[in-house]
Every structure is written in C-alpha cells, then in structure tokens.
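Working notes, beginning with the structure itself.
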Amino acid sequence: MRLKLFLLLFVALVSHGEMNRTKQSVPVAVQEASKSLKEIDALKKKEEEARRKEAKIRQLKSSLAQINRRLNEESVWQKIYANHLTYTQIESKIKDLDRKIAKYKKAGARRYRSKIRELENSKAQLLERLNLLKDYRQNPFKTLIRPKKITEIPTVTNPVAIVNAFSYIKQLGEHLSRFEHEIRNLELFTGMLEQKEGILKELAELRPDDAEVKKALAQTRKELKEAQDALSLHQTALVVYKKRVDEIKLRLTGQIKEQAKKAGSIGITILVLLLLVILIKWLVKRTVTDNERFYMANKIINFSFVFIVVMILLFAYIENVSYLVTVLGFASAGIAIAMKDWFMSILGWLVIVLGGSIHAGDRIRVDKDGMRYVGDVLDISLFRITILEDITLTSYMHNRRAGRIIFIPNNFIFTNMIANYSHATLKTVWDGIDFTITFNSNHKKAQHIAKETAKKYAKGYTDITRKQLNRLRAKYSLKNTNVEPRVYSFIEENGIRISVWYLTNAYATLTLRSTISAEILDLIKEEDDIVIAYPSQHIYLDRAKGKPTLPDLSEGGEPV
C-alpha cells in the first residue's frame with residue numbers, strides 16, 4: 001500500500017516538473033504557430049482571389065466574344081464601321097508611305113531607286129483599295145441614315161388625283177417606317193457597344209498591363225462616341241421628319257375629303273340628270289310613234305346629256321377657265337388644220353341632224369371615186385354615218401357584192417353626192433324596165449302590155465306615193481305629181497326600145513323588177529306580132545349570082 005502511494009507521489013512530482021517546463025516554452029510555440037497560420041491564410045486568400053480573378057476574366061472574355069459575335073453577325077453597322085476603320089487604316093498607311101518616300105528621295109533618289117519604286121507600288125495598291133472604300137470615308141453612322149427627301153407634294157384638285165395622294169401618303173409612311181427602323185438598329189448597336197465597353201473596362205481593371213485590352217477599349221469608346229453622336233442627331237431629325245410627315249398627311253387628307261365631297265355632289269347632280277333623261281326618254285317613247293323621230297329625239301337627248309355633263313365637269317375642275325380659253329385660242333389655228341376633217345364631220349353632223357336630210361333607217365347612195373354604195377342608215381354619230389349595204393340594182397350592176405358595213409364621214413355631205421331614196425315621208429322610188437322589139441313588131445301592143453303589167457303590180461305603191469306627195473306639198477313646191485306608170489318608146493339602132501317606169505318600194509326594187517320583167521316576157525311570148533330583138537347576125541348567099549344579098553334590118557339583124 002505504501003509502495004503504491006510512493007509511486008503515485010513520484011509520478012505527481014515528475015508530472016509537476018514537466019508541467020513547469022512546458023509552461024515556460026508555450027508562449028514561443030504559440031507565437032510561431034500563430035504566425036504560420038496567418039501566412040497560410042494569406043496564401044489561401046491570395047490563391048482564392050487569383051482564382052476568382054481568373055474566373056472573372058474568363059467570364060468577361062466569354063461575354064466579350066459573345067458580344068463581338070453578335071456585332072459581327074447581327075449588326076450591319078459593325079461591318080460598315082469595319083470598312084470605315086479599314087479606310088482610315090489604309091489612309092494612315094498611305095501617309096506613312098508618303099513620308100518614307102519623301103525621306104528616301106531626300107537621302108538620294110538614285111541610291112534608293114529600287115526602294116522608292118517598291119514603296120510607290122505599295123502606295124498604288126493601297127490607293128486602289130482606298131478608292132473601293134471611298135463611300136466609307138466619313139462617319140458611316142451619319143451618312144448612311146438619311147430620311148427620304150420630301151419633294152413635289154401632290155395637290156388634290158380632282159378625283160383622279162385622290163389615288164395619287166393615297167399612294168403618296170403610303171410612300172411617306174414607308175419612308176418614315178424605314179427611317180425609324182434604321183434608328184432602332186442604331187440604338188441596338190449602340191447598346192451592344194456600351195456592353196462591350198463595360199466588359200473591356202472591367203478587363204482593363206483586372207489586367208491593367210494588357211495592351212490589347214486597352215487598345216480595344218479605346219477603339220470601342222471612339223466607335224461608341226461616334227454612334228451616340230449620330231444617334232442623338234438622327235433622333236432629333238426623326239422628330240422633325242415625323243412632324244413634317246404628319247403635316248403633309250393632314251393636309252392631303254383634308255384635300256381628299258374636300259374633293260370626295262365635291263365629287264359626291266357632282267355625282268349626285270349627274271345621277272339626277274340621268275334620271276331626268278330616262279324620264280324624258282320614257283315620255284318621248286310614249287308620245288312619239290314614228291321610229292325615225294324617236295331615234296332622232298333619242299340622239300338629241302343623249303348628246304345634250306353628254307354636253308351638260310362635260311360642261312359641269314369642265315367648270316368644276318378647271319380653276320382658271322379664262323386661261324383655258326386663251327390657250328385654246330392660241331392653239332385653235334393648229335388644231336383647226338390638224339383636225340380639219342373632224343371639225344368638218346362635226347359640222348356635217350349638225351347639218352344632217354338640224355337639216356333633216358338623212359335619218360336613221362333611210363336608204364341612201366354614196367358616190368366616191370367612181371364607187372357607188374347603196375344601203376340603209378344604221379346610225380348617225382358625231383363623225384360618221386354607218387350604213388348596211390343591201391342587194392340593190394347598184395350591187396347587181398356595179399359592185400357584185402353586198403352585206404358590207406359602210407362608214408361614211410359626215411364631211412362627205414359637203415364634197416360628195418349622197419342620194420336619199422327614202423327622204424321625209426317618201427318610201428317609194430321610180431324604177432324602170434327596158435326591152436327592145438324588132439321594127440316590124442306591134443310596138444303599140446307591146447307598150448300596152450308593159451303599162452298594164454306595171455299598173456297591176458305597182459298599184460299599191462302608186463296609191464302610197466300619191467298620199468306621200470300630198471303631204472309634201474306643205475314643205476316643197478311640187479309641180480309634177482303624176483304617179484301612174486309611164487311607158488316610152490324610142491327608135492334605136494337595132495329596133496324599138498320600150499321603157500316602162502313605175503313606183504316601187506325603195507327597199508325592194510329588185511323584187512318588183514324581177515316580177516314585172518317575168519310577166520312582160522311571158523305575155524310577149526304569147527303574141528305573134530311582137531318579137532324581142534337582140535344582137536344577131538344573118539348571112540344571105542346568092543349562089544346563082546355569086547354575091548350576097550342585103551339582110552333584112554327589120555328583123556333586128558346586123559350586116560356582116
């Protein structure tokens with residue numbers, strides 16, 4: 001037990017001694033350990049800060065690469081400004097070459113001849129490139145964005161100009177939208193440049209010794225300043241341009257409304273006139289039974305309507321009528337010469353319409369340059385008469401064709417002969433049939449046959465003509481009003497010519513001529529003492545005496 005207590009006391013004493021020695025060395029160790037820990041912490045902080053710096057630099061470079069890619073791919077301004085930078089760089093190189101060439105020439109042109117030639121060749125190449133980039137000499141931000149110049153603003157003075165005004169307003173809107181779009185693109189480009197500047201600024205702060213970053217920052221700041229100056233200038237120009245466009249649109253819109261209102265009033269007036277014309281035509285159609293009179297009245301109504309409409313439009317849309325009259329007065333001589341036939345046709349139309357010599361439906365004959373045209377009048381317009389060629393004696397004897405549409409200028413009434421077969425109330429004409437009988441034929445009987453046949457078939461037309469002539473006595477001086485068929489006989493070279501004349505329908509002369517001719521021929525064939533004469537030859541030979549005898553000319557023969 002005592003041994004255990006001794007050992008415990010010894011251990012306690014030894015421990016107490018060690019503790020005293022340890023207490024004496026603790027401050028020194030603690031100080032050394034604390035110092036080491038601080039150095040380690042500082043190193044760790046530096047390493048952490050370096051890592052963060054490198055990470056930040058990588059992040060900034062990535063952002064810078066992304067901005068540069070966007071500038072190169074999305075913004076056309078970067079490419080344009082790159083051309084501008086290329087131009088300034090080439091210009092700077094040319095100036096350096098000029099200084100070197102001047103230096104070598106001063107040092108000795110003969111000595112440095114090859115070097116000078118080499119520099120001049122380089123300068124020539126640079127000048128060619130510079131000429132290709134001459135459009136990018138000035139600041140592109142100021143020169144490439146330009147609003148469309150506003151010139152020749154239309155004035156709406158008639159309905160046709162309304163379309164032009166709407167087109168002009170649309171063009172102004174397109175020009176304004178394009179100008180705004182270009183400014184928005186410049187704003188986006190300026191924003192990207194500002195982002196690029198911020199990134200380069202941070203990179204310059206993190207790597208102050210990097211010359212490339214400083215150069216890029218300086219270049220970006222220069223480009224940004226030029227873009228911002230141009231953007232400010234164009235934004236001011238946009239405000240002015242927009243006000244100008246709004247002013248023009250407002251003025252043109254007012255003019256369009258005014259002309260639309262004016263055109264509406266004129267349209268209503270013309271519509272009222274048209275309804276009035278329709279009413280007048282309806283009344284004329286109910287009161288006038290004669291087709292010719294209705295046709296002429298319809299023509300006059302149409303012409304009057306067109307004339308009134310033209311005069312309304314003329315005085316409505318010609319501001320200075322006296323000026324127009326003056327111009328027409330000076331031009332009247334040339335117009336009269338150049339459009340002589342037109343004026344004469346219009347004058348002829350007035351003569352025809354007012355004089356009443358020709359009406360629609362009349363059968364007329366026109367002689368021109370040896371040609372004859374007979375047909376029915378289809379229309380009488382301001383410049384010409386339109387007729388339909390029918391099968392008549394003229395087409396049978398001269399033209400040998402019919403059915404054509406013939407256009408006759410109205411001025412022919414002054415220079416050519418125009419015959420009317422159905423003037424006024426007359427609808428009949430005299431037609432005649434000629435035939436020849438021999439000298440020894442009974443010419444009195446032949447005349448009787450011809451006359452009775454003509455009376456038989458022309459009786460209806462004779463009565464109609466008698467009534468028509470009685471109505472014409474109030475208008476014309478008629479002396480010979482005999483309407484009965486007439487027969488004449490003449491001594492001709494080869495016999496006696498019988499000519500019978502009768503009244504027939506002006507529109508069907510050939511029909512009655514054919515009927516009467518066939519009837520006369522049949523009746524003459526039944527008579528023994530009437531022989532139709534025709535050109536023939538008779539030869540008489542006296543064989544006994546050897547000489548011919550004279551022919552009997554009474555038989556209608558001809559000597560050999």
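Coordinate-derived values only; no laboratory data. None of the values given here were measured: they were computed from a predicted structure. For neighbour counting, all protein chains shown are included, and Cβ atoms are generated from backbone atoms with ideal geometry for every residue, glycine included.
Side notes on the structure shown:
- Extended-chain gain in nm, criterion 0.36 nm per residue less alpha-carbon gap, GLN468 and LYS225: 77.0 nm
- Environment charge at ILE364 (Cβ cut-off 12 Å; Lys +1, Arg +1, Asp -1, Glu -1): -2
- Net +/- balance of residues flanking ASN416 in space, Cβ distance below 15 Å, scoring K and R +1, D and E -1: +1
- Spacing of the two label points (7 Å from each Cα toward its C-beta) at ARG184 and SER62, in nm: 3.1 nm
- Computing FRET efficiency as 1/(1 + (r/R0)^6) for LEU43 and ASP96, where r is the C-beta to C-beta distance and R0 is 41 Å, gives about 0.25.
- In this simple spin-label model, placing a label point 7 Å from the Cα along the Cα-to-Cβ direction at both GLU128 and GLU527 gives a separation of 11.6 nm.
- Compared with the alpha-carbon gap, the fully stretched path from ARG244 to LYS285 is longer by 8.7 nm at 0.36 nm per residue.
- Amide H contacts of THR428 (H built 1.01 Å from N, under 5 Å, at least 5 apart or other chain): ALA506
- In nm, spacing of pseudo-spin labels at HIS175 and THR415 (7 Å Cα→C-beta vector): 5.4 nm
- Relative exposure of HIS234, HIS443, judged by other C-beta atoms within 10 Å (fewest first): HIS443, HIS234
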